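> Pasting a structure here, questions to come.
The values are calculated or read from the model by the stated rules, or taken from the named source; none is laboratory data. Owing to the predicted nature of the structure, the values given are computational and were not obtained by experimental measurement. Here Cβ is always computed from backbone atoms with ideal geometry, including for glycine, and neighbour counts include all displayed protein chains.
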Amino acid sequence: MAAQAVLRSSARARLLSGAFCAQRGGPALWQHHQNQRAFSNGKILVEMDEATGVAVMKMKSPPVNSLNLDFLTEFSISLEKLEIDRSCRGLILTSAVSKIFSAGLDITEMSGKSNEHYAAFWRAVQEMWLKLYGSNMVTIAAINGSSPAGGCLMALCCDYRIMADNPKFAIGLNETQLGIVAPFWFKDTMINTIGNRATELSLQLGQMYPAPEALKFGLVDKLVPEDKVQSAAAAAMSQWLSVPDHARQLTKSMMRKPAIDRLVKQREADINNFVSFISKDSIQKSLQIYMDRLKQKK
Ligand SMILES: CC/C=C\C/C=C\C/C=C\C=C\CC(=O)SCCNC(=O)CCNC(=O)[C@H](O)C(C)(C)COP(=O)(O)OP(=O)(O)OC[C@H]1O[C@@H](n2cnc3c(N)ncnc32)[C@H](O)[C@@H]1OP(=O)(O)O
């Protein structure tokens, strides 16, 4: 895919230079055990089954898998490592943290930091989206917990979503509830999944949907009991992998390329927009109020 080609060069350069690995205290090398390979960079664990060509990526950044700069960097590099591995055809994205898929973007990365930090953070969010939404692999989200905002975005980037059938787990793009605005590419991703009107309702209200409602709304494709999420994802994966890769990949690209190209063309402008928006005093105040409420609910 065009966007993939653009993105691959920078991440691969970092991957090959080992800059990231050195920063983490050592290269994230594959460990082999029988038919399994695994690597971990700290916040992400990847296990690959060589017999099926399916990798399971587990987010393991407690307490809530919030997407901070370190996490996003590890995520993109891990994804790139799988993307360039020709033996890997499918990716199951899930969480190793009980009851939480991902709490979305780390709010502390968007509060009280310098404009340079906001820009670097937003570039990393964009990179995560470009890589995951544009992946050539079959991607399945095994949503084993709550998944607000950026966590929902990650799930929406996948080709298929299976969620634990527990009404306590909710998913949605709730940005307006924080007093912030989902950017156009979050919106495009949701429109491509549930359509324009449902997206408008969902985004304006900042709606979080408990699992059963998320299924009705089309935000997720299937609900299964909590302890069956991984096995259901593996079963769905084998169905998806029965389709010839080249035909499926070209079809995926046809569906997603317009949205990807749109961000690629406006990447710098989108970063500038984010920085000027997020650094406003009124927005900083809204985020502070939201964080205080989160802490007070205990
Ligand atoms: C014009 C437009 C131009 C440009 C675009 C501009 C702006 C767009 C900007 C941003 C888009 C952002 C998308 C996002 O992802 S924003 C993040 C939204 N996330 C949330 O609202 C999630 C909030 N969290 C929760 O709802 C819950 O924590 C939970 C359901 C995930 C888990 O509940 P629990 O009861 O299990 O756990 P808690 O006790 O609530 O939390 C534990 C711990 O973690 C802290 N925390 C939770 N979420 C976050 C987070 N997203 N970031 C940072 N920290 C988080 C929470 O405060 C607790 O901390 P303490 O233990 O109290 O220290």
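> How many residues are closer than 30 Å to residue 179 by Cβ and out of contact with any strand residue (DSSP E or B) (no Cβ under 8 Å at 6 or more places or on another chain) if we restrict to segment 195-253?
Of the residues in that region, 13 qualify.
> Given the residues 201, 215, 223, which is the only one that is within 16 Å of residue 155 (Cα to Cα), hydrophobic (A, V, I, L, M, F, W, C), assigned to a helix (DSSP H, G or I) and out of contact with any Ser or Thr (no Cβ under 8 Å at 6 or more places or on another chain)?
Step by step, each of 201, 215, 223 is checked, and only 215 is within 16 Å of residue 155 (Cα to Cα), hydrophobic (A, V, I, L, M, F, W, C), assigned to a helix (DSSP H, G or I) and out of contact with any Ser or Thr (no Cβ under 8 Å at 6 or more places or on another chain).
> Can you confirm whether residue 243 is modelled with pLDDT of 95 or more, part of a loop (DSSP other than H, G, I, E, B) and not small (Gly, Ala, Ser)?
For residue 243, the condition - modelled with pLDDT of 95 or more, part of a loop (DSSP other than H, G, I, E, B) and not small (Gly, Ala, Ser) - is met.
> Shifting gears a bit: Can you tell me how many residues within segment 262-287 are out of contact with any helix residue (DSSP H, G or I) (no Cβ under 7 Å at 6 or more places or on another chain) and acidic (Asp, Glu)?
2
> Sticking with this one: Find the residue count for segment 144-174, including only residues that are of a type outside the set (A, V, I, L, M, F, W, C) and part of a loop (DSSP other than H, G, I, E, B).
Of the residues in that region, 7 qualify.
> Here's a follow-up. Counting just the residues of segment 145-184 that are away from the ligand (no atom under 11 Å from the Cβ) and more than 14 Å from the chain's Cα centre (by Cα), which one comes out farthest from residue 92 (Cα to Cα)?
Selected residue: 167.
> Taking the residues in segment 86-121 that are near the ligand (Cβ under 8 Å from one of its atoms) and aliphatic (A, V, I, L, M) as candidates, determine which candidate is surrounded by the fewest Cβ atoms within 10 Å (Cβ to Cβ).
107
> State all residues of segment 68-85 that are of a type outside the set (D, E, K, R) and either in contact with a Cys (Cβ under 7 Å, 6 or more places away or on another chain) or within 15 Å of the ligand (Cβ to nearest atom) (or both); if no residue qualifies, say none.
Passing the criteria: 68, 69, 71, 72, 75, 82.
> May I ask you to verify whether residue 242 is free of Cβ contacts under 8 Å to residues at least 12 places away in the same chain and either within 10 Å of the ligand (Cβ to nearest atom) or on the phi > 0 side of the Ramachandran plot (or both)?
no
> Which residues, taken from segment 29-64, are within 20 Å of residue 150 (Cα to Cα) and not in a loop (DSSP other than H, G, I, E, B)?
44, 45, 56, 57, 58, 59
> Mind checking whether some residue in segment 249-268 is closer than 21 Å to residue 114 by Cβ, within 16 Å of the ligand (Cβ to nearest atom) and within 22 Å of the chain's Cα centre (by Cα)?
Checking segment 249-268: at least one residue is closer than 21 Å to residue 114 by Cβ, within 16 Å of the ligand (Cβ to nearest atom) and within 22 Å of the chain's Cα centre (by Cα).
> While we're looking at this one, here's another question. What about residue 256, is it touching a helix residue (DSSP H, G or I) at 6+ places or on another chain (Cβ under 8 Å), in contact (Cβ under 8 Å) with a residue 40 or more places away in the chain, within 28 Å of residue 49 (Cβ to Cβ) and not in a strand (DSSP E or B)?
Yes; evaluated as a whole, the condition is true for this residue.
> Same structure again: Got a sec? Which of 223, 205 is buried (at least 18 other Cβ atoms within 10 Å of the Cβ), of a type outside the set (Phe, Trp, Tyr) and within 18 Å of residue 151 (Cα to Cα)?
The unique qualifying residue is 223.
Okay, residues lined up against (1) closer than 20 Å to residue 39 by Cα; (2) assigned to a loop (DSSP other than H, G, I, E, B); (3) among the aliphatic types (A, V, I, L, M):
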| position | (1), (2), (3) |
| --- | --- |
| 81 | yes, no, no |
| 88 | yes, yes, no |
| 92 | yes, no, yes |
| 120 | no, no, yes |
| 127 | no, no, no |
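> A further question on this structure: Whether any residue in segment 175-183 is β-branched (Val, Ile, Thr) and assigned to a helix (DSSP H, G or I) is what I want to check.
yes
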